[in-house]
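Notes for the one structure printed next.
The values are calculated or read from the model by the stated rules, or taken from the named source; none is laboratory data. Because the structure is a prediction, the values reported are computed rather than measured. Cβ coordinates were reconstructed from backbone atoms using ideal geometry, including for glycine residues, and neighbour counts include every protein chain displayed. Ligands, DNA and RNA are stripped out before the accessible areas are found, and what is left, the full protein with its side chains, is counted by its heavy atoms. Shrake-Rupley method; radii C 1.70, N 1.55, O 1.52, S 1.80 Å.
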Amino acid sequence: MTSQQDTLPSAVPKLESSGANWLVYRLRFTVAVKAKGKWGHFDGTSFRPQAVDVAMGAVGGGGVGAGAAQAGAGGQAGAGAGQQDDEDDEDEPDDGLEDPAVILERSQTQWDADEDIAIYLLSQQIPDSALIKLKCYTTCAKRWTALVMEYTQKLMFAQTALHTDFLRTMPRQCERTRVPGQPSYQEGDVAPV
C-alpha cells in the first residue's frame, strides 16, 4: 500500500525518453523529493548507519572514551578490580540507556526503508528503459547520478539538433527577407552566425 510519502505529486511530469523535458522534470522532481525529506538519499548526503566500536561508546550516547574514564576512576591499584567490575556490569541494568546494537539496528532499518522509498520515487516517472539501466546501481544516489548524466547528455544532443535544424531553415528565411545587395544563400547552406 502506498502513502503520500512515497508517491510523487502530479506536477512532476513523466520523463520523456528523448530527454526533451529533462529540465522541467529535474526541477519538479527535485522540489518534490526535497519536500518529502528524502533528498539526502539522492545527493549522497544520507549514509546508512554503520557499526561502530560499541566499546568506545560512540553509538548510544556513551561518548568516546567512557570506558577509559571508568577504568581510570579506580586508579592504578584497582586495575584487577576494574576488570572484575566490567564483568559485573554486564548483569546490571544500563541505567536506562538502550543497547547500542539495538539503536544501530533500528537506525539501519529506518534508513533502508527511506532508501527504498527514495528509489521508488525515482522509478515512478522515468521511462522503462532508464529504469532497467539504473537497476545495476546499488544506491539511490548512484542511480540519480547516472540518470542526471544520461539525460543531461541527451538534452545537449537534442538542443544541438534543434539548433542545427533552426540554422538550416535560416537561408530560406533570409532569402525571403533578403535586403537587395546582401549575399544570397543556396538551399542547404548554413547561414553565418
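Points to keep in mind about this one:
- Qualifying residue in the range 157-165 (condition: among the polar types (S, T, N, Q), surrounded by 12 or more Cβ atoms within 10 Å (Cβ to Cβ) and modelled with pLDDT under 75): yes
- Filtered residue count, the range 1-36, keeping only those that are in contact with a Phe, Trp or Tyr (Cβ under 7 Å, 6 or more places away or on another chain), open to solvent by less than 30 Å² (accessible area, probe 1.4 Å), at negative phi and of a type outside the set (A, V, I, L, M, F, W, C): 1
- So residue 81, is it loosely packed, with under 12 Cβ neighbours inside 10 Å and either in a helix (DSSP H, G or I) or modelled with pLDDT of 50 or more (or both): yes
- Filter result (in a loop (DSSP other than H, G, I, E, B) and either within 18 Å of residue 26 (Cα to Cα) or open to solvent by less than 60 Å² (accessible area, probe 1.4 Å) (or both)) within the range 126-141: 126, 127, 139
- Listed by first and then second residue, the pairs linking a residue in the range 104-128 that is within 23 Å of residue 9 (Cα to Cα) to a residue that is among the acidic types (Asp, Glu), with Cβ atoms under 7 Å apart and 6 or more places separating them unless they lie on different chains, are 117/6; 120/6; 121/6.
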